[in-house]
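Colleague: Can you read through this structure? Questions will come right after.
The values are calculated or read from the model by the stated rules, or taken from the named source; none is laboratory data. Because the structure is predicted, anything quoted here is derived from the model rather than measured. Every residue, glycine among them, receives a Cβ derived from its backbone with ideal geometry; neighbour counts consider all protein chains shown.
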Amino acid sequence: MKKIFDILLYMILHPFRVMKIVKLYFKLKGKYRFTIILAHIYKEVYYRKKNKEKKTFNITSDIDTGKQVIINVQEGLFHTGGISDRLKGICTLYMYSKKYHYIFKVHFIFPFKLEKYLLPNHYDWCIDEKNISYDLNSTAVYTWENELFVEDFFQSNRYKKQLHVSCNSWECLPKYSELFNELFKPSPYLKEEIEFHTKNLGGSGNYISISFRFQNLLGEFKEGESMSLNTENRKILINKCLLAINDLKQQYDNIDKILITSDSNVFRDIAEKKYSFVYTFTIAEETGHIDFAGVGKGKEMTAFLDMFLISGAKKAYQIRSAEMYDSDFPNVSARIKKVPYEMILID
């Protein structure tokens, strides 16, 4: 309720600014346009408050070049997607920054600090909090939904020092492997876990991965518009998915392990127990969507491990029925190391 009150108050006190924001997103189509406009207004409310607290900011030598700085800012103001959505957006912004010679930085601090899991590889995207400007006279904010319209934003803000852009756009996907590996390498903490689980899977390229995205179908958590199935239909769906795992195993007699990834802890548990000590493998830690898990829950560790383990598979699969969610996660993860990916639809 406080966010709504802040938005309404800002609209009353700054009507001309609100008109400019509406104009900025006028070309966007779809059901999210109105939400994006309100989110932008609230970001400006937040920036004004933050700037009053901060007063000044410093520019360190590595970005004090006279060039504009694009910063992917993820501070937890709104739900912004899961791991693959966020990394997809970061890589898209980086691709755009390379094309037009902007300096690119990432300020990802919610619901965890990105550097806990991913570190700069060939490009230094880190930025200190003290170097971030919240002064709307020198900084512009934007939510990138489509490259067709982003040019208007950059053109109209070409004299601003910093451009803070939220993005989960897919334009980077054809070059995702190149962009991701230029930006990121696993932290020592994550790398150790990846190596441990890869060894248990038989080594890189010696296993396949199968991913399942249920959202709320199995009644575990609420996400999006997904509705929970009744008990009988849950059993039917789970059995269909288990049969699909078994069918795929018949095609891979030469592999010993199948990595099972899923947003459902119920299904992960069943899948491993069903074929216990035979060929299914899941990460032991509890999983969960990072947008809904909350700060300090640690569920992102499973997501990062699943992501890198999928990228080390012989082939990555996603199995889904009509009611299941078509997730980008396995496809995007497979692209890190250009692993073949296939979607399998089940009745």
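Colleague: For His122, state whether it is modelled with pLDDT of 90 or more, out of contact with any Gly (no Cβ under 8 Å at 6 or more places or on another chain) and buried (at least 19 other Cβ atoms within 10 Å of the Cβ).
Modeller: In short, no.
Colleague: When you look at Ile71, is it surrounded by 14 or more Cβ atoms within 10 Å (Cβ to Cβ), within 27 Å of Asn181 (Cα to Cα) and either in contact with a helix residue (DSSP H, G or I) (Cβ under 6 Å, 6 or more places away or on another chain) or modelled with pLDDT of 95 or more (or both), yes or no?
Modeller: yes
Colleague: Then there's this: Which residue pairs have Cβ atoms closer than 7 Å, lie 6 or more positions apart in sequence or on different chains, and pair a first residue in the stretch 334-347 that is buried (at least 18 other Cβ atoms within 10 Å of the Cβ) with a second residue that is among the polar types (S, T, N, Q)?
Modeller: Note: pairs meeting the criteria are Ala334/Ser311; Arg335/Ser177; Ile336/Ser177; Ile336/Ser311; Val339/Ser311; Tyr341/Asn331.
Colleague: Out of all the residues in the stretch 1-57, which are of a type in the set (Ser, Thr, Tyr), closer than 22 Å to Ser133 by Cβ and within 26 Å of the chain's Cα centre (by Cα)?
Modeller: Tyr42, Tyr46, Tyr47
Colleague: Could you please let me know if Leu190 is touching a Cys at 6+ places or on another chain (Cβ under 6 Å) and assigned to a helix (DSSP H, G or I)?
Modeller: Criteria not met by Leu190.
Colleague: I've got another one for you. Go through (1) within 28 Å of Tyr47 (Cβ to Cβ); (2) at pLDDT 95 or above and name the single condition Glu145 misses.
Modeller: Failing condition for Glu145: (2).
Colleague: Cβ-Cβ under 6 Å, sequence separation 6+ or interchain: first residue in the stretch 239-257 and in contact (Cβ under 8 Å) with a residue 12 or more places away in the chain and in the same structural domain as Ala316 (by TED's automatic domain parsing), partner in a helix (DSSP H, G or I) and surrounded by fewer than 18 Cβ atoms within 10 Å (Cβ to Cβ). Which pairs?
Modeller: That search, which allows pairs on different chains as well, returns Leu242/Lys274.
Colleague: Considering (1) over 18 Å from the mean Cα position of the chain (by Cα); (2) surrounded by fewer than 21 Cβ atoms within 10 Å (Cβ to Cβ); (3) in contact (Cβ under 8 Å) with a residue 24 or more places away in the chain, say which one Asn168 fails and leave the rest.
Modeller: (1)
Colleague: Now for a separate question. Could you list all residues from the stretch 160-177 that are of a type in the set (Phe, Trp, Tyr) and either more than 29 Å from Ile36 (Cβ to Cβ) or in a helix (DSSP H, G or I) (or both)?
Modeller: Tyr176
Colleague: Can you tell me which residue among Phe214, Phe180 is in a loop (DSSP other than H, G, I, E, B), surrounded by 16 or more Cβ atoms within 10 Å (Cβ to Cβ) and under 25 Å from the mean Cα position of the chain (by Cα)?
Modeller: Selected residue: Phe214, the only one of Phe214, Phe180 that is in a loop (DSSP other than H, G, I, E, B), surrounded by 16 or more Cβ atoms within 10 Å (Cβ to Cβ) and under 25 Å from the mean Cα position of the chain (by Cα).
Colleague: Okay, moving on. Go through the stretch 227-319 and tell me which helices (runs of 4 or more DSSP H), entirely inside it, have 3 or more residues that are under 30 Å from Leu77 (Cα atoms) and modelled with pLDDT of 90 or more.
Modeller: 300-311
Colleague: Pairs needed: first member in the stretch 68-93, farther than 12 Å from Cys172 by Cβ; second member anywhere, among the aliphatic types (A, V, I, L, M) and modelled with pLDDT under 90; C-beta distance under 7 Å; at least 6 residues apart or different chains.
Modeller: Taking only residues 6 or more apart or on different chains, the pairs are Val69/Ile63; Gly82/Ile290; Ile83/Ile290.
Colleague: Check off (1) surrounded by 11 or more Cβ atoms within 10 Å (Cβ to Cβ); (2) without any contact (Cβ under 8 Å) to a residue 12 or more places away in the chain for Glu44 and give me the number that stays unchecked.
Modeller: (2)
Colleague: Out of the stretch 88-119, which residues are more than 17 Å from the chain's Cα centre (by Cα) and assigned to a strand (DSSP E or B)?
Modeller: Within the stretch 88-119, Ile103, Phe104 meet the criteria.
Colleague: Testing Ser209 on (1) hydroxyl-bearing (Ser, Thr, Tyr); (2) touching a Leu at 6+ places or on another chain (Cβ under 6 Å); (3) over 30 Å from Cys241 (Cα atoms), one condition comes back false. Which one is that?
Modeller: Of (1) hydroxyl-bearing (Ser, Thr, Tyr); (2) touching a Leu at 6+ places or on another chain (Cβ under 6 Å); (3) over 30 Å from Cys241 (Cα atoms), only one is false for Ser209: (3).
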